[in-house]
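Below is one structure, written out as structure tokens; comments come after it.
The values are calculated or read from the model by the stated rules, or taken from the named source; none is laboratory data. As the structure is a prediction and not an experimental result, all values here were calculated from the model. Methodologically, a virtual Cβ is constructed for each residue, glycine included, from the backbone with ideal geometry; neighbour enumeration extends over all protein chains shown. The accessibility values were calculated without ligands, DNA or RNA, using every heavy atom of the protein model including side chains. Shrake-Rupley method; radii C 1.70, N 1.55, O 1.52, S 1.80 Å.
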Amino acid sequence: MSLIPSTLFGGRRSNIFDPFSLDIWDPFQDFPFTSTAISAPRSEFANETTAFANTRIDWKETPEAHVFKADLPGLKKEEVKVELEEGRVLQISGERSKEREEKNDKWHRVERSSGKFLRSFRLPENAKLDQVKANMENGVLTVTVPKEEVKKPDVKAIEITG
């Protein structure tokens, strides 16, 4: 006998003590959205949001360059775009296709995200925009933006008299 009614979680939970049997409860599942951007079926909207939010990108600065690394497992380089926009903005985007459903398939869990993703970064003034390079290897996109050399100001020693 359970102390928590199964209807509280939409009847989708088979055992309250098993964390792996719990699907995420969505309080807005049947909420009528008025905006056309949000009026898509709830599961489709959630997948696109998840794909956008789960695109993790690291940005590190070395003495020579700014280096961006994005984990994009399962994507080919043809499915990813790296662009430079006006105003020194580096934009990384792409789309992960949803797996085709077969008539006889029975899905038990869908956790991999699908949909479009887009990340933008404003580059600093010292970035050499004409020398940006991108490389995709083993599902990791690496974008390297070289930096301009910082010129040290000429310092002239002045002799003190008197």
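Just a few scattered comments:
- Restricting attention to the stretch 106-136, the residues that are in a loop (DSSP other than H, G, I, E, B) and either loosely packed, with under 10 Cβ neighbours inside 10 Å or of a type in the set (G, A, S) (or both) total 8.
- Among the residues listed as S114, S93, the single one being modelled with pLDDT under 90 and under 23 Å from the mean Cα position of the chain (by Cα): S114
- Some residue of the stretch 86-100 being closer than 17 Å to N138 by Cβ and outside any strand (DSSP E or B): no
- Residue pairs meeting the criteria (Cβ under 7 Å; at least 6 apart or on separate chains; first more than 18 Å from P146 (Cα to Cα) and touching a residue at least 40 places away in the same chain (Cβ under 8 Å), in the stretch 67-82; second open to solvent by less than 80 Å² (accessible area, probe 1.4 Å) and in a loop (DSSP other than H, G, I, E, B)): D71/G139; L72/G139; P73/G139; G74/G139; L75/G139; V80/L72
- Some residue of the stretch 137-151 being hydroxyl-bearing (S, T, Y), in a strand (DSSP E or B) and modelled with pLDDT of 95 or more: yes
- Filter pass, Q131 being touching a residue at least 12 places away in the same chain (Cβ under 8 Å) and under 19 Å from I57 (Cβ atoms): no
- Count - residues of the stretch 52-106 that are closer than 20 Å to E125 by Cβ and touching a strand residue (DSSP E or B) at 6+ places or on another chain (Cβ under 9 Å): 18
- If you go through the stretch 137-162 and pick out every residue that is at negative phi and open to solvent by 60 Å² or more (accessible area, probe 1.4 Å), you end up with 15.
- Hey, E102 over 26 Å from T55 (Cβ atoms), open to solvent by 40 Å² or more (accessible area, probe 1.4 Å), charged (D, E, K, R) and modelled with pLDDT of 85 or more or not: no
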